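Asks: Starting off with a structure, shown below.
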Amino acid sequence: MKPTTMPVQQAAQRLICLCDSIPGRIQAIKDADFTHRPAPGKWSRQEILGHLLDSATNNHQRFVRGRVENVTY
């Protein structure tokens, strides 16, 4: 599948929309469903979200350090 591109303003508006809508959708998930592992060795929704947040935080630090210190990874 060919990646699509969109203007920066459109991408920013989409990001704002997602940031507004996602917290409510996550909060609507029952705790039992959120922490349930679908199979042995599989991650729960909570673990997946935690991993994504951890990865985003680490990547953000790399981007900032890269800009400030001119470091490449």
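Asks: Yes or no: Gln10 out of contact with any strand residue (DSSP E or B) (no Cβ under 8 Å at 6 or more places or on another chain) and surrounded by 10 or more Cβ atoms within 10 Å (Cβ to Cβ)?
Replies: yes
Asks: Tally up the residues in segment 41-73 that are touching a helix residue (DSSP H, G or I) at 6+ places or on another chain (Cβ under 7 Å) and among the hydroxyl-bearing types (Ser, Thr, Tyr), please.
Replies: 3
Each reported figure results from applying straightforward, stated rules to the coordinates on display, with no laboratory input. It should be emphasised that the depicted structure is a prediction, and the values quoted were computed from it without experimental measurement. Neighbour counts are summed over all protein chains in view; Cβ atoms, including those assigned to glycine, are modelled from backbone coordinates with ideal geometry.
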